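Throughout, read-outs are computed from the coordinates displayed, never taken from laboratory work. Just so we're clear, the structure is a prediction, and the values are computed from it rather than from any experiment. Counting neighbours? That spans all protein chains shown, and the Cβs are built from the backbone with ideal geometry, glycine included.
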Amino acid sequence: MGRDNTRIDYRERMDRVRDYIYDHLNDEIDLNKLAEVACLSPYHWHRVYRAMNGETIATTVKRLRLHRAAGYLAHTTLPIAEVAGKSGYPNLQSFNRIFKSVYGMPPAQYRKDGSHRKFQTLSQGKVGEMYDVTIKEIPKSEAVTVCHQGSYMQVGKAFDRLFGWLAEHELIAPDIRTIGIYYDDPSAVPEADLRARAGALLGKTCKVEAPVEKTVISGGRYAVLTHKGPYADMQAAYDWFFGEWLPQSGKEAANAPVFEEYLNNPRDTAPADLVTEIYMPLAS
């Protein structure tokens, strides 16, 4: 097998591992089972995963489980013990401790005081006091993307697949911009049918092959909301942006999808410090 084919084979093996993790976050993750999924030696597969993904399997599982838990806390009324169980933490005490260590507050306080609450407060009358919405003119551009269908909380699968491909082709550079394109409103479209794309703006052209595609980002005027905080809080920001800011702005949204640009990396940034720009296209 040639060098290029070997790299593709290893990327596909790691893609299978990541898919398995996403689909079994509420189960105990068995390392021998992951080695079996990867078709690699139980003695060595973890080194391959860490080298190709930049973090250990334990770090990946913890990050994804807590992301899921934050979503449940922000958007449901499930009891915290049930949230813990659905996120792979059967022990409530350990869930409370681990969640606080990453999100800076225990789960009950996060549900009450997390950044999603700030947008809900604004929608009760304090419009625009603390949130930066600017109007930007952006040029038409072309992104390399991987499509995703299903819950937006699971879009990380597509990002992992995209960045695995970029790393394999030595296309990751300091000036790369990471974006997510979202085509559907999760309050109006069944979760299983939600469509999105994980994307990167490279600043140069390149050849692509499946599962990577090229996607055009429409140029023009955009309203841009800067959101700081966990990705799980984004729905509250969208509700405020479209339900409060837009009707009072005197502007109209254009017939094009929203996209987000991620200004830092969840692998090395605390959830409270994540910065995301939400781009709403505006009609001329």
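What is the spread of the Cα atoms of the stretch 18-119 along each of their three principal axes, largest first, in whole Å?
46, 23, 21
Given labels modelled 7 Å from the Cα in the Cβ direction, how far is it in nm from Asp132 to Glu213?
3.3 nm
So for the pair Ser284, Arg195, with labels modelled 7 Å out along Cα→Cβ, what separation do we get in nm?
Here the answer is 2.5 nm between the modelled labels.
Please build a GNM for the chain, connecting alpha carbons under 10 Å apart, and tell me which residue among Ala58, Ala167, Ala188 fluctuates the most.
Highest fluctuation of the listed residues: Ala188.
Relative to the present Cα-Cα distance, how much length would full extension add between Arg117 and Glu12 at 0.36 nm per residue of separation?
Working: separation 105, 0.36 × 105 = 37.80 nm, distance 3.97 nm.
The Arg117-Glu12 span can extend by a further 33.8 nm.
Mind checking the full-extension length gain between Lys204 and Asn255? Use 0.36 nm per residue of separation minus the Cα-Cα distance, one decimal, nm. Could you put the intermediate results ahead of the total?
Values: separation 51, 0.36 × 51 = 18.36 nm, distance 2.69 nm.
Stretched fully, the Lys204-Asn255 segment lengthens by 15.7 nm.
Please identify the trypsin sites (Lys or Arg not before Pro) of the stretch 134-237 that satisfy two criteria: DSSP loop assignment and at most 14 other Cβ atoms within 10 Å. Which are they?
Lys140, Lys204, Lys207
With a cut-off of 8 Å between alpha carbons and a minimum separation of six or more residues, what is the relative contact order of the chain in percent? Please list the in-between numbers first.
Working: 427 pairs, mean separation 55.2, N = 284.
This gives 19 percent for the chain.
Computed from these coordinates, which is Rg and Dmax of the Cα atoms in Å: (i) 24.4, 81; (ii) 19.6, 63; (iii) 17.6, 62?
The value matching this structure is (ii).
Provide, as a two-decimal number, the C-alpha radius of gyration of the stretch 133-281 over 2.2 N^0.38 Å, N being how many residues it has. Mind dumping the intermediate values first?
Values: Rg = 15.2 Å, N = 149, 2.2 N^0.38 = 14.7 Å.
Normalised by 2.2 N^0.38 Å, the Cα Rg of the stretch 133-281 equals 1.03.
Can you give me the distance in nm between label points at Ala167 and Ala51, each placed 7 Å from the Cα along the Cα-to-Cβ direction?
According to this spin-label approximation, the distance is 1.1 nm.
Grab the Cα-Cα distance for Gln248 and Asn32, subtract it from 0.36 nm times how many residues apart they are, and report the gain in nm with one decimal. Please report the intermediate quantities before stating the final value.
Details: separation 216, 0.36 × 216 = 77.76 nm, distance 5.56 nm.
Length gained, Gln248 through Asn32: 72.2 nm.
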